[in-house]
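The values are calculated or read from the model by the stated rules, or taken from the named source; none is laboratory data. As the structure is a computational prediction, the values presented were derived from the model and not from experiment. Heads up, the Cβs are rebuilt from the backbone with ideal geometry, glycines too, and the neighbour counts pull from every protein chain shown. We work out accessible area using only protein heavy atoms, side chains counted, and drop any ligands, DNA or RNA first. Shrake-Rupley method; radii C 1.70, N 1.55, O 1.52, S 1.80 Å.
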Amino acid sequence: MKEVNNRLVFIGTGGGRVVISNQARNAGGFVLQIPGVQMHIDPGPGALSGTARTKIRPAQTRVIISTHEHTDHANDINALIEAITLGGINKKGILISVPAVIDGTKEELPWLRNYYKSKLDEIFKIKTNDKVKLGDLTVTATKTQHDIDDCIGLRIEGPDVSIGYTSDTIYFKDLHKEFKDIAVLIINVLRPGSDKWKTHMCTGDAIKLIEEVKPELAIITHFGQKMLNANPLLEAREIQKRTGVRTIAADDRLEVNLEGIAQGRGVQTTL
Ligand SMILES: [Zn+2]
Ligand SMILES: [Zn+2]
């Protein structure tokens, strides 16, 4: 079988205080593998140990992106740099993140340790609307409305890839504009049904966003305990029924083959 070289692998799909503390799901974020680059996005607790349970080799990650300073999005940054650089022996890797994660804030120390800072090839400190060019890839920081200001979503675009990631945000009127023409939209959906929460989206919010963006594929992740109790698979089915957009509920170690999307052949997933 031909090796797939354009895929998403979900390391962890948990979010929120309860799921992080009981590890009902890992919270290690997800990996994007495309020709020439492997990126790990939002490496929360379990990013490194969770990756070791997939086909992904952490040492081959070249780009780490952390969208904000919350533990479930930043905890394993140093552990990943340790793996990428073999304990600091090989200087390499790129970190893209917000100032709070890289420099800390008035109240908090940075997540990134000085030792590892010096072992990276490059650090990009970005805020909403900033763009980072990595070869023929462009990473754009999108707007969020979360309980901290220093939080971004992402657009990752290139010849073989068109991915949007909301990160943690509530639904707001213009959110869909951030993801215009995106093919694959990854949405952090903490709660099921119309169970609204002041800092995150619920299934009802995801339905509105997907109806507006109309991606080829929607993937929901970052589940809180109430979402797990309701069963994310059923929530994804409901979203798909209401929007007509193919929707997947991510699971720890879920692999999504993106090649079919770029070439209009549909989507395959394997666990
Ligand atoms: Zn979160
Ligand atoms: Zn958060």
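Some points to look at:
- Just one of the numbered conditions (1) assigned to a helix (DSSP H, G or I); (2) open to solvent by less than 20 Å² (accessible area, probe 1.4 Å) is not true of Asp72: (2).
- Any hit, the stretch 16-23, residues being under 25 Å from Ile126 (Cα atoms) and either surrounded by fewer than 22 Cβ atoms within 10 Å (Cβ to Cβ) or in contact (Cβ under 8 Å) with a residue 12 or more places away in the chain (or both): yes
- Just so you know, in the stretch 230-262 the residues that are of a type in the set (S, T, N, Q) and in contact with a helix residue (DSSP H, G or I) (Cβ under 8 Å, 6 or more places away or on another chain) include one that is least open to solvent (accessible area, probe 1.4 Å), and it is Thr247.
- Of Asp168, Asp136, Asp160, Asp150, all but one fail to be surrounded by 16 or more Cβ atoms within 10 Å (Cβ to Cβ), at negative phi and at pLDDT below 95; the exception is Asp160.
- Scanning the stretch 81-99 for residues that are in contact (Cβ under 8 Å) with a residue 40 or more places away in the chain, open to solvent by 10 Å² or more (accessible area, probe 1.4 Å) and among the aliphatic types (A, V, I, L, M) yields a single hit, Ile94.
- Any hit, the stretch 247-256, residues being at pLDDT below 95, closer than 24 Å to Asn6 by Cβ, of a type outside the set (S, T, N, Q) and touching a strand residue (DSSP E or B) at 6+ places or on another chain (Cβ under 7 Å): no
- The set of residues in the stretch 33-69 being small (Gly, Ala, Ser) and surrounded by fewer than 19 Cβ atoms within 10 Å (Cβ to Cβ) consists of Gly36, Ser49, Ala52, Ala59.
- Looking across the stretch 117-147, the residues that are within 16 Å of ligand 2 (Cβ to nearest atom) and touching a helix residue (DSSP H, G or I) at 6+ places or on another chain (Cβ under 7 Å) come down to Thr142, Lys143.
- Any hit, the stretch 172-181, residues being within 25 Å of Gly36 (Cα to Cα), aromatic (Phe, Trp, Tyr) and in contact with a helix residue (DSSP H, G or I) (Cβ under 8 Å, 6 or more places away or on another chain): yes
- Residue in the stretch 10-30 that is among the hydrophobic types (A, V, I, L, M, F, W, C), in a strand (DSSP E or B) and either over 26 Å from Thr144 (Cα atoms) or within 16 Å of ligand 1 (Cβ to nearest atom) (or both) present: yes
- Subset of the stretch 30-73 (residues that are free of Cβ contacts under 8 Å to residues at least 12 places away in the same chain and touching a Cys at 6+ places or on another chain (Cβ under 9 Å)): none
- Residue pairs whose Cβ atoms lie under 9 Å apart, separated by 6 or more positions or on different chains, with the first residue in the stretch 166-178 and closer than 17 Å to Val139 by Cα and the second part of a helix (DSSP H, G or I) and within 11 Å of ligand 2 (Cβ to nearest atom), are Ser167/His73.
- Number of residues in the stretch 49-69 that are part of a strand (DSSP E or B) and within 16 Å of ligand 2 (Cβ to nearest atom) equals 2.
- Among the criteria (1) within 16 Å of ligand 1 (Cβ to nearest atom); (2) touching a residue at least 60 places away in the same chain (Cβ under 8 Å), the one Ala183 does not fulfil is (1).
- Candidates Glu122, Glu82 - the one that is more than 30 Å from Phe172 (Cβ to Cβ) and in contact with a strand residue (DSSP E or B) (Cβ under 6 Å, 6 or more places away or on another chain): Glu122
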